[in-house]
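Trainee: Shown below is the structure under consideration.
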Amino acid sequence: MKSLLFSMLFLLSFLFFLAHSGEAAIPCTTVDANAAACLGFATGKAAKPSSAFCDGLQQLAQTVKSVEDKKAICRCLKVGAKSLGIQDRFLSRIPRACNIKVGFPVFVNTNCEMIH
């Protein structure tokens with residue numbers, strides 16, 4: 001269950017990192033809480049992201065204050081993404097499906113340290 005949350009967080013972090021900037025790093029617990037509803041879509045088990053997932057991404061995006069926040073979210077999400085069966089073909093559709101501008105391609109293997 002915790003792995004699922006991490007994978008959801010990973011997806012969200014990519015989206016939010018590129019969309020905003022600020023100061024202190026976001027804790028994984030915050031990322032987990034906002035990304036929990038994403039797993040079905042990111043693994044291909046749901047046809048579209050739930051409104052709860054997109055709302056969680058929007059809330060997470062509002063907490064981002066800096067590039068370090070973006071990187072922290074990315075790292076949190078990346079922890080469980082591969083082990084949970086997250087698929088790039090679904091992951092890359094999340095920004096458009098949730099109407100969020102990220103500014104970079106969203107993939108499981110995104111290098112979090114290259115986010116700016």
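Trainee: Of the residues in the stretch 50-64, how many are at pLDDT below 85 and in contact with a Gly (Cβ under 9 Å, 6 or more places away or on another chain)?
Mentor: Residues flagged as at pLDDT below 85 and in contact with a Gly (Cβ under 9 Å, 6 or more places away or on another chain) within the stretch 50-64 amount to 2.
Trainee: Please work out which residue is surrounded by the fewest Cβ atoms within 10 Å (Cβ to Cβ), limiting yourself to the stretch 42-67 and to residues that are part of a helix (DSSP H, G or I) and of a type in the set (Gly, Ala, Ser).
Mentor: Ser51
Trainee: Then there is this: Considering each of Ala81, Ala61, Ala47 in turn, give the residue that is among the small types (Gly, Ala, Ser) and over 18 Å from Thr29 (Cα atoms).
Mentor: One residue alone meets the criteria, Ala47.
Trainee: Which members of the stretch 41-54 meet the condition of being within 19 Å of Cys76 (Cβ to Cβ) and over 12 Å from the mean Cα position of the chain (by Cα)?
Mentor: Those that are within 19 Å of Cys76 (Cβ to Cβ) and over 12 Å from the mean Cα position of the chain (by Cα): Phe41, Thr43, Pro49, Ala52.
Trainee: State all residues of the stretch 67-92 that are hydroxyl-bearing (Ser, Thr, Tyr) and in contact with a helix residue (DSSP H, G or I) (Cβ under 9 Å, 6 or more places away or on another chain); if no residue qualifies, say none.
Mentor: Correct list: Ser83 only.
Trainee: While we're here: Could you please find all residues in the stretch 68-87 being open to solvent by 50 Å² or more (accessible area, probe 1.4 Å) and in a helix (DSSP H, G or I)?
Mentor: Answer for the stretch 68-87, where residues must be open to solvent by 50 Å² or more (accessible area, probe 1.4 Å) and in a helix (DSSP H, G or I): Glu68, Arg75, Lys78, Val79.
The values are calculated or read from the model by the stated rules, or taken from the named source; none is laboratory data. Just so it is clear, the structure is predicted and the values come from calculations on it, not from any experiment. Please note: Cβ atoms are built from the backbone with ideal geometry, for glycine as well, and neighbour counts cover all protein chains shown. For the accessible areas, the whole protein counts, side chains as well, though only heavy atoms, and no ligand, DNA or RNA atoms are used. Shrake-Rupley method; radii C 1.70, N 1.55, O 1.52, S 1.80 Å.
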